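Chemist: Below are the structure tokens for one structure; questions will follow.
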Amino acid sequence: MTARTDTHTAADADAPVPAPAPARTAGGSPAIWSRNFRYWFTARSAGLLSWAMLPVAVSAGLLSSGHGLDTAGYAMAFLVGPFAGLVLFGGVLADRFTARLMMITADLANLAAHVLLALLFLHGIDHLWQLYALLAVAGTANAMFQPGASSTVPLIARDVQGANGVLRTSEALTGLAGPALAGALVGLGATGWVMAVSAAAYATSALCLFALRLGTVPGPPGGRGLAHNLAVGWREFRARNWLWSVVLIWIVFAVLSWGPQLSVAAGVIVPRHGATAFGLLNCALGAGTVAGGLLAIRWKPTRPLAAGAAAMLAFPLYPLGIVLDLPVGLLAATQIAVGTGIGIWGVMWATTVQTQVPGEVLNRVHAYEVAGSVGMYPIGSALAGPAVTAVGTAPVLLLGAAVALATATALLLTRPVRTLHRAPTGPDNEKTPGR
């Protein structure tokens, strides 16, 4: 076994050990905005802004240049497919070569892909395979980046939950600003410049990641193959009842409720109230997510997953409001409530995974989590159209509301999820991995 002074040190991946507790300030109070966290926050905000701009820029750019909906659909498939299919390998490689190295490499790959995408859109797309290939590179790069995004937070933040609250807020804000900026530039006929802005953002992210000063944390032993490391990650994932229980519940939620909701809601809201109203409702969701993230910076319940699940009880309000044909103002209020719940759950979940799973397997465990939950969202989205055609809009929305309510209820009724306590942190405490 070899020690690494970056994001990993030697430790046997087959024998979980407690991850290092977050450092504290001299006065004993947790701090968020350390030098490392400022660099990390800048890197993540830049990358999230680029990722939020890309689907809007590509879809709108293709349609405005005369390509059809099928081309835009294929483009999104080439972007999302590699991410969903390769994120597990990203977790293994992050543990093998260190998360920071994989993230910097991913940013540089995204930088190169976006420079070429900028040239492609500026000069006109003569061969669609070139566009598809570059989008596949971008999707693959994000699959390589994502696992390390989770394991890095405990290394650079003295207050892990507070840091996740800040990052969740940034994610919500970039999720609002990215599509708006991309849409405005595409409207001016400047799709290529969207890609240029994204390329600059990825360059910024890579530089910030390079500037991080990381200490030593557990890493897997050398000389083990890909299959073995995947198996270890799966064993660690399966060994934590609270973890696989949440992911199993979330798979059902993603396919039957979360995935279909955006497109089904658009099919109702836009004809009734117009595209502007639909955009405002999504802004309200983002505002609620910001509120939830800010609230979660300070609110630190003893049982974080139970608190997050309770916050998710707000999710059915929006689809029910659409079915009841509420006015836009009331729908916006439901979206704020939904966003607040999502923001709180996201912070509680991320913090729990980061503080309960040992550092030497966290990248792989997070990869399994992403593949099993977020990876199911495209399936739900793809099923939305056929479901509406088969049974109608109102039944699909009501099913989504019922599944969302059942999801929060199931989380609260699942004992390992409901009873899991916060991991003790501090210089005199060790964290015991939750089982």
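Chemist: Surrounded by fewer than 23 Cβ atoms within 10 Å (Cβ to Cβ), in a helix (DSSP H, G or I) and either in contact (Cβ under 8 Å) with a residue 24 or more places away in the chain or not β-branched (Val, Ile, Thr) (or both): does that describe ALA203?
Modeler: Considered against the rule, which asks whether it is surrounded by fewer than 23 Cβ atoms within 10 Å (Cβ to Cβ), in a helix (DSSP H, G or I) and either in contact (Cβ under 8 Å) with a residue 24 or more places away in the chain or not β-branched (Val, Ile, Thr) (or both), ALA203 comes out as yes.
Chemist: Does VAL270 count as among the aliphatic types (A, V, I, L, M), assigned by TED's automatic domain parsing to the domain that holds THR407, assigned to a helix (DSSP H, G or I) and modelled with pLDDT of 85 or more?
Modeler: So VAL270 does not fit the description; no.
Chemist: Now for a separate question. Exactly one of (1) modelled with pLDDT of 95 or more; (2) buried (at least 17 other Cβ atoms within 10 Å of the Cβ) is unmet by ILE297. Its number?
Modeler: The one condition ILE297 does not meet is (1).
Chemist: Go through the residues of segment 44-61 one by one and say whether even a single one is free of Cβ contacts under 8 Å to residues at least 60 places away in the same chain, among the aliphatic types (A, V, I, L, M) and crowded, with 18+ Cβ neighbours inside 10 Å.
Modeler: No, that holds for no residue.
Chemist: Going by the conditions given, is PRO319 outside any loop (DSSP other than H, G, I, E, B) and either of a type outside the set (Phe, Trp, Tyr) or at negative phi (or both)?
Modeler: yes
Chemist: Pull up segment 92-106, narrow it to residues that are crowded, with 21+ Cβ neighbours inside 10 Å and in contact with a Leu (Cβ under 7 Å, 6 or more places away or on another chain), then point me to the one that is farthest from SER45 (Cα to Cα).
Modeler: VAL92
The values are calculated or read from the model by the stated rules, or taken from the named source; none is laboratory data. Predicted model only: the values in this text are computed from it and were never measured. For neighbour counting, all protein chains shown are included, and Cβ atoms are generated from backbone atoms with ideal geometry for every residue, glycine included.
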